[in-house]
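Colleague: One structure is given below, represented as structure tokens, and several questions about it will come after.
Read the figures in this text as sums done on the coordinates, not as results from a lab. All of these numbers come straight from a predicted model, not from anything done at the bench. When we count neighbours, we look across all protein chains shown, and the Cβ atoms used for this are built from the backbone with ideal geometry, even at glycine.
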């Protein structure tokens with residue numbers, strides 16, 4: 001628990017939420033969960049923290065909005081669905097955040113917008129300015145224009161890029177399991193949770209990370225890769241169960257929830 005006490009001190013927090021949390025398997029939005037997530041993030045913002053939300057869900061919402069049974073494989077069709085779904089997604093976020101007197105801003109990014117030095121600087125400056133203005137940025141990949149050359153591939157990677165871009169104190173990746181397990185806990189009931197990762201090559205050597213959701217693009221492997229990318233830049237990461245969004249507050253209270261990827265900076269503070 002020594003390392004977890006430092007989570008209470010985190011001020012600049014990136015929260016990533018995946019499609020599996022925001023939408024039912026048919027693509028329709030889980031309104032109750034989304035509304036609760038917004039309430040928790042608004043309260044977090046009221047406490048004086050800086051909050052950046054990285055949200056998946058545009059393609060999934062598009063699937064639901066036009067009544068398809070599943071997400072298509074064709075790139076151009078996915079891009080069209082993203083264009084449809086992004087409108088519905090941000091409209092819902094604005095509606096729910098309005099209830100708590102919070103303003104959101106939408107940022108749609110591609111990988112070249114982070115890797116190109118000038119665009120990277122512009123993206124960083126925009127995010128910092130929005131945070132200074134007291135606005136909550138809602139970031140997603142620009143799925144309507146991506147190709148293999150400029151896509152992040154999943155929003156786990158995007159959230160890590162955003163967290164390192166703005167030198168966040170913490171990246172909180174919300175998923176549908178309580179962190180990293182030795183195997184998929186939905187299938188293998190004997191799977192053990194990994195509470196803390198100091199060195200992935202040692203602490204995760206027995207972990208089976210295969211699998212992804214029906215609507216989402218990232219599985220646990222992408223979340224672990226994102227966490228390791230952040231740790232290389234001294235950003236702490238917690239992968240935790242977001243089916244109850246109040247987990248966000250519990251994690252920041254230092255409770256032993258999810259898997260905590262401890263950065264070298266935090267490790268040194270703990271001695």
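Colleague: Under 10 Å, Cα contacts only: if you run a Gaussian network model on the chain, which one of 206, 184, 176 comes out with the highest mean-square fluctuation?
Modeller: Between 206, 184, 176, it is 206 that shows the largest mean-square fluctuation.
Colleague: Specify the residue with the greatest mean-square fluctuation among 226, 123, 80, computed from a Gaussian network of the chain linking alpha-carbon atoms under 10 Å apart.
Modeller: Evaluated over the chain, the most mobile residue of the options is 80.
Colleague: Based on other C-beta atoms within 10 Å, arrange 56, 195, 222 from fewest to most. Please report the intermediate quantities before stating the final value.
Modeller: Values: 56 29, 195 16, 222 22.
Least crowded to most crowded, the residues run 195, 222, 56.
Colleague: Let me ask another. Cut-off is 10 Å between beta-carbons; in what order do 2, 19 appear when sorted fewest neighbours first?
Modeller: Going from sparsest to densest Cβ surroundings: 2, 19.
Colleague: Going by how many other beta carbons lie within 10 Å of each one, how would you line up 96, 260, fewest first? Let's see the in-between values first.
Modeller: Values: 96 20, 260 27.
Sorted ascending by nearby Cβ count, the order is 96, 260.
Colleague: Only bridges whose two residues both fall in the chain count here: according to DSSP, what percent of them are antiparallel, nearest 5? Kindly include the intermediate steps, with their values, before the conclusion.
Modeller: Details: 7 of 34 bridges.
For the chain, the DSSP antiparallel bridge percentage is about 20.
Colleague: May I pose another question? Could you tell me which label, among [x] 72, 68, 37; [y] 52, 45, 37; [z] 72, 39, 25, carries the value of Cα extents along the principal axes in Å calculated for this structure?
Modeller: Answer by label: [y].
Colleague: Okay, moving on. Kindly provide the helix-only [θ] at 222 nm of the chain, computed as the sum of -39,500 (n - 2.57) over DSSP H runs of four or more divided by all residues, to the nearest 500 deg cm²/dmol? Provide the component values of the computation, followed by the final result.
Modeller: Numbers: 11 runs with 113 residues, N = 271.
Taken over the chain, the calculation gives -12500 deg cm²/dmol.
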